[in-house]
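Following: one structure in structure tokens, then a few remarks.
Each value in this text was obtained by applying a stated rule to the coordinates, not by laboratory testing. For clarity, every value in this text was computed on a predicted model and none was experimentally measured. All Cβ positions, even for glycine, are placed from backbone atoms using ideal geometry, and neighbour counts span all protein chains on display.
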Amino acid sequence: MRKGFGLPIVFCLFHLVISQKNCTTIRLPKGLKLGVGSAAFQIEGAWDAADKTPSIWDNFSRSSGVIKDGSNAQDSCKSYEYYKRDVAMVKYLGVDFYRFSISWPRVLPTGFPNKISKEGSEYYSNLIDELLANGIEPVVTMFHWDLPQRLQNLGGWANPLIADWFEDYADVLFDLYGDRVKTWITINEPRQMGLFGYGSNRFAPGINAHGIGEYLAAKNIVMANAKAWRLYDRKYRPKQNGTCSITIATDHREGITDSPDDIQAALDAMDFEVGLYSHPIFTKKGGFPDSVVRLVAEKSKEQGYLESRLPEFTEEEIEFVKGTSDFFGFNHYSTKFVSRKSYKPGMYPIPSHDDDLGAFGTLLDYTPAVVPHCTSIPWGARKALKWVKENCGNPDIMIIENGFGTHGGLQDNDRVTYLQSYLLEILDAVEKDQCNVVAYTVWSLMDNFEWDSGLRVKFGIFETNYDDEKKTRTPRASAFWYKNLAATKSLDCDFKPTFKNIQF
Ligand code: BGC
């Protein structure tokens, strides 16, 4: 595996600890890069600008009735129109990189490379140039869920041919932007997109083929990542010299008690939720994790299927997929406590991924956050990083997402507390567990369209004013906190943000 992003971390200089956990000032590890993230569909708006065709999220958000506040992303943050303002915000923070994504149907309106949109491709080229001109490194996600509807009409991520379609799309992006982009993320969070989009109807495309769709998507996503990575490695890396990997939602799963049964349930849950995507890529054995193969096969048999609902990899595919990463893209929000005892058949649809796992997850007595999937359980981040170290061959880890959702307000002390306590645990993972964390990214630069929660749930360290024609942004307390972190390269737990009257 190649070395990923940035310089290797020097551990020895790492800690100027004045006091731990109740910290006053802790220096960040030397070489740890800081960034902030967004995704095309969530911020761009301009859903039909120039020759762009609809993505599955354009259609789903306008017609499924699933978006909780009834909003859509037609305008969203208007980043397509005002991208220079986004760059100015990142610059104001003083962080090293900006992680954004490219909309597939904006660059390839047919989904295929027979037609490259001039205006669509120039938009990203200009954004990259603007970032570089301001000393900000672009970290680019090729696919953050907004599949061209035309490819969905052909089966989308349930069709194995998508691995080739994705490779062609990646070829276009490497060719257009690889001279300037040195860190690529192929696909964002395969689990969320496959499970919620193909195994349920919570996310686009809303296929709801539970117990089947999410597994087809899992295999095809892993194959698509492998094809794109191999293409980069063979054709582009020699001249462009960058890195490329998938990013996986790596929330932690803990046994509800220390009983061997509950501990096993938690390990199996990690296999189902993370290992399904990481095991084929990051382990020596390759293929899906044994526990998932066994449990899905057993349940499929009981349910009268002639074969397991989990697709198999051929020997050739196993070899092809192994090692197709330069770092581990790690997205982390929270932890759940799992047990098999409190699981009852019928609790979940049959068949389904959750039923195959056969365990029940809860937040125990943690108070759920406004957005329950970011309930603050900071120590889970350290455990999840350790899981990656131990189960994925001790890779370089880029933390690609970590953030906190609220219902708004500029004085977002709860977000600051969340980010601060997660960072403390991440720093412990680096120092005490020797996890190779090379980058940390706050989700998100600004409030944006939060998928099925619409515009009501806010993840931004900048507030977006959706009532304003220009969607003006104002820094929250967390933006001043992050700016201070970037400037001092130190975590100052006593830092009190002073609001400056500034807007973008
Ligand atoms: C996704 C983001 C999303 C964030 C907060 C992640 O699952 O990659 O697009 O906004 O979580 O829910």
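Could you sort 29-38, 230-239 so that the peptide with the highest average Cβ count within 10 Å comes first and the rest follow in order?
Details: 29-38: 22.1, 230-239: 15.0.
Descending mean neighbour count gives 29-38, 230-239.
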> Order of 434-442, 60-68 by packing, highest average Cβ count within 10 Å first?
Replying inline: 434-442, 60-68
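Based on the alpha-carbon gyration tensor of segment 332-375, what equivalent-ellipsoid semi-axes (square roots of 5 times the eigenvalues) come out, in whole Å, largest first?
Numbers: eigenvalues 98, 27, 15 Å².
Over the Cα atoms of segment 332-375, the ellipsoid semi-axes are 22, 12, 9 Å.
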> What fraction of the Cα pairs in segment 404-504, stated in percent, has a spacing above 15 angstrom?
Replying inline: 64 percent
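Check each of the GluC sites (Glu not before Pro) in segment 448-486 and keep only those in coil by DSSP with at most 15 other C-beta atoms within 10 angstrom; list them in order. Walk me through the numbers before you get to the answer.
Numbers: sites: GLU450, GLU463, GLU469; in loops: GLU450, GLU469.
Sparse-neighbourhood loop GluC sites (Glu not before Pro): GLU469.
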> Nearest 20 debye, what's the magnitude of the dipole of segment 90-194 about its Cα centre given +1 on Lys and Arg Cβ and -1 on Asp and Glu Cβ?
Replying inline: 240 debye
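Please compute the contact order of the chain in relative form: average sequence separation of alpha-carbon pairs under 8 Å and at least six residues apart, divided by the residue count, as a percent.
On the way: 1100 pairs, mean separation 92.8, N = 504.
Computed over the chain, the figure is 18 percent.
If packing is taken as the average number of other Cβ atoms within 10 Å across a peptide's residues, how do 175-187, 364-376 rank, most packed first? Display every interim value, and only then the final one.
Values: 175-187: 20.7, 364-376: 15.5.
Going from most to least packed, we get 175-187, 364-376.
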> Rounded to the nearest 500 deg cm²/dmol, what is the calculated helix-only ellipticity per residue at 222 nm for the chain, with -39500 (n - 2.57) per DSSP H run of length n ≥ 4?
Replying inline: -10000 deg cm²/dmol
> Where the only charges are on Cβ atoms (+1 Lys, Arg; -1 Asp, Glu), what is the dipole of the chain about its Cα centre, to the nearest 20 debye?
Replying inline: 1060 debye
>> How big is segment 300-342 along each principal axis, measuring the range of its Cα positions in Å and listing the largest first?
In response: 40, 35, 11
> Quick one: of the DSSP bridges fully inside the chain, what percent are antiparallel, nearest 5?
Replying inline: 25 percent
> Which listed residue (TYR177, GLY156, ILE212) has the Cα farthest towards the positive end of the charge dipole for segment 129-221, taking +1 on Lys and Arg C-beta and -1 on Asp and Glu C-beta about the Cα centre?
Replying inline: ILE212
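Can you pull out the trypsin sites (Lys or Arg not before Pro) in segment 240-306 whose DSSP state is coil and whose Cβ has at most 12 other Cβ atoms within 10 Å?
Working: sites: ARG253, LYS284, LYS285, ARG294, LYS299, LYS301; in loops: LYS284, LYS285.
Of the trypsin sites (Lys or Arg not before Pro), the ones in loops of segment 240-306 whose Cβ has at most 12 other Cβ atoms within 10 Å are LYS284, LYS285.
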>> Normalised by the empirical 2.2 N^0.38 Å for globular proteins, what value does the Cα Rg of segment 81-226 take?
In response: 1.10
> What list of ³J(HN,Hα) couplings, whole Hz, do you get for segment 432-447 from phi and the Karplus terms 6.51, -1.76, 1.60, once you set θ to phi - 60° and write x for glycine and proline?
Replying inline: 8, 9, 6, 7, 8, 7, 10, 8, 9, 10, 7, 9, 9, 3, 8, 3
> Over all directions, what mean area does the Cα convex hull of the chain project, stated in square nanometres?
Replying inline: 22.1 nm²
